[in-house]
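Before any comments, here is the structure.
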């Protein structure tokens, strides 16, 4: 059984502070930075402990570092190149767990401290996005969770890549359904390892995806029995450059009486 990144934290800290997650790429022409933003309402300097952990697709912790800072208002920047070394090449999941030592967290609910991730390439592309908190470990969902991506592109120039993150202690099976403009569907199934992730193009799971969409725009539905984090990005096939990234929205069924 893989450890949670949270097990690397000092035991005295409260785990009411929620961890955050982001997919990162470092080396091979890419540089990743993490920006920690302290709350702007604090009238006194606060002390924070920030744990950064890199995880592989199976949830194994490849590297971890704990930093302690005292600051007021001033954001802090952490560069993965400085932490990992100049020649390290890595693409995977980054768990960021910032916790405040001088301000107690609410033990009844998980709160989080904001962090942003920047990825810059040597050929000029730049991507900035927030790391996302996960607070679903203690939640019960009464029906399978479904998330919808209303517009995906899969053709000779672009593909859509999915990122499914499972920050829980058990494996999570999930089902991918691809819709074309006529409503016809193709399906694939996969399982995310505990504390792991799946990150690959839709046509890697469904090889007929480009023909199924026939040059048009399709939609994707991802269903799982356990809450996951789902993102998608558009990737240029010729260069591998990520053209944009966003998160998928949960879809709630309503009963009509």
Going through the stretch 157-172 one residue at a time, which ones are closer than 12 Å to residue 220 by Cβ and either in a loop (DSSP other than H, G, I, E, B) or modelled with pLDDT under 85 (or both)? none
Within the stretch 87-146, residues modelled with pLDDT under 70, surrounded by fewer than 13 Cβ atoms within 10 Å (Cβ to Cβ), in contact with a strand residue (DSSP E or B) (Cβ under 9 Å, 6 or more places away or on another chain) and assigned to a loop (DSSP other than H, G, I, E, B) come out as 144
Hey, can you tell me all the residues within the stretch 182-203 that are in contact with a strand residue (DSSP E or B) (Cβ under 7 Å, 6 or more places away or on another chain), assigned to a loop (DSSP other than H, G, I, E, B) and at pLDDT 90 or above? none
Of all residues in the stretch 159-170, count the ones that are touching a strand residue (DSSP E or B) at 6+ places or on another chain (Cβ under 6 Å) and loosely packed, with under 15 Cβ neighbours inside 10 Å. 0
Residue, surrounded by the most Cβ atoms within 10 Å (Cβ to Cβ), within the stretch 27-53, restricted to residues that are more than 26 Å from residue 247 (Cα to Cα) and modelled with pLDDT of 75 or more: 48
If we scan the stretch 15-26, do we find a residue that is more than 16 Å from the chain's Cα centre (by Cα), surrounded by 14 or more Cβ atoms within 10 Å (Cβ to Cβ), modelled with pLDDT under 75 and over 23 Å from residue 75 (Cβ atoms)? yes
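The values are calculated or read from the model by the stated rules, or taken from the named source; none is laboratory data. Since this is a predicted model, take the numbers as computed values, not measurements. Glycine also receives a Cβ, built like all others from the backbone with ideal geometry; neighbour counts cover every protein chain displayed.
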